[in-house]
Amino acid sequence: MPGRLGGADIPFDQASTAWQEYLIEAWALGSFMISIGLFSVLLEASASPLHRWIQDADLRRLIFAVALGGTAIALIYSPWGQRSGTHMNPAVTLSFLRLGKITSRHAAGYIAAQTLGAIFGVYLVWGACGSLFSAPPVSYDTTVPGSAGVLRAFIAEFCMSAALMLTLLASASRPRLAPYTGILAGALIAAFILLEAPISGMSINPARSLASAIPAKQWASLWLYIFAPILGMQLAGVLFAVLAPFVPCAKLCHSTAQRCIHCGYTPTAPLRNHINHPGVST
């Protein structure tokens, strides 16, 4: 029997090989964590020549923001990213689950893969860079509240998460904007890092923060980085469902060249079978 989601028949071969999408999610967030780690070492490790050359901390943060925003965009529009939908974030996956655009089985697979991929990425950077990555000021890229305190960090993470999810849903649901959803996501990530990182460290991703906290054994504020993104994106999903007549498929970039285990689209099927998503890109 094919699976069903939102009225779509999901072919059996897609349902039985969904582990491929799970692995892509692990690869995507793992790659993002590697990018975070390497750019942090290059820009912030005291022994790095680039750190000594660029004395202005704001300029270093700008470079870091652009690098990570660009990394996110590259992952989202990559062939593998278009295959899984590149959630790269348990809070994003849970929001699509709340909207009924991903099954609980696939959501569990995505979240497990994202978490394991993020952890693997952190340990890979640690193995490659050693104390440059583990020692201060980089400190495994842990996310901790800034001098403004825990409450402001929580509010910042909550608001950024809600803003990001609302933007993704609003863009992906409109045919003219849908092809640019990944660019908007990357731009927001860069802007958040540039403007908000001093307040909370800018995570908006429970798996990202957990992955850094494990080797650093930094548990004090981890709850903040788990609950604030989830609650913010859940609120965004609820608001969007109320305000908008259409909720897109659980992909950030929906290409006609890649199958979709969420809405049941296959590249060999007529385009009319690609239900509930007007913003398909070729």
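Derivation of every value follows stated rules applied to the coordinates shown; laboratory data play no part. Predicted model only: the values in this text are computed from it and were never measured. Cβ sites come from the backbone with ideal geometry, for glycine too, and all protein chains shown count toward neighbours.
The simple spin-label model puts a point 7 Å past each Cα toward its Cβ; for residue 241 and residue 19 those points are separated by 3.1 nm.
Residues within the reach of a label modelled at residue 150 (point 7 angstrom out along Cα to beta-carbon, backbone nitrogen below 18 Å), restricted to region 218-245, are 218-231.
How high is the relative contact order of the chain, in percent, with contacts defined as C-alpha pairs under 8 Å that are six or more residues apart?
Reported relative contact order: 28 percent.
For a footprinting-style exposure proxy, rank 19, 126 by other Cβ within 10 Å, fewest first. Let's see the in-between values first.
On the way: 19 10, 126 17.
Placing the least packed residue first, the sequence is 19, 126.
In this simple spin-label approximation, residue 268 and residue 55 carry label points 7 Å from Cα along the Cα→Cβ vector, and these lie 6.4 nm apart.
Taking trypsin sites (Lys or Arg not before Pro) as candidate sites, keep only those in a DSSP loop with at most 10 other Cβ atoms within 10 Å, then name the longest stretch of the chain containing none of them. Each step should come with its number before you reach the end.
Numbers: sites that count: 176, 217.
The answer is 1-175.
So what is the 222 nm mean residue ellipticity for the chain from helices alone, if each DSSP H run of at least 4 adds -39500 (n - 2.57) and you divide by all residues, rounding to the nearest 500 deg cm²/dmol? Let's see the in-between values first.
On the way: 12 runs with 178 residues, N = 282.
Value at 222 nm, helices only, nearest 500: -20500 deg cm²/dmol.
How tilted is helix 57-77 with respect to the longest principal axis of the chain? Cα atoms for both, answer in degrees (0 to 90, nearest 10). Relative to the chain, helix 57-77 is tipped by roughly 20 degrees. With R₀ fixed at 51 Å, the C-beta to C-beta distance from residue 66 to residue 105 puts the FRET efficiency at about 0.85. Compared with the dominant Cα axis of the chain, that is its longest principal axis, helix 104-129 is turned about 30°.
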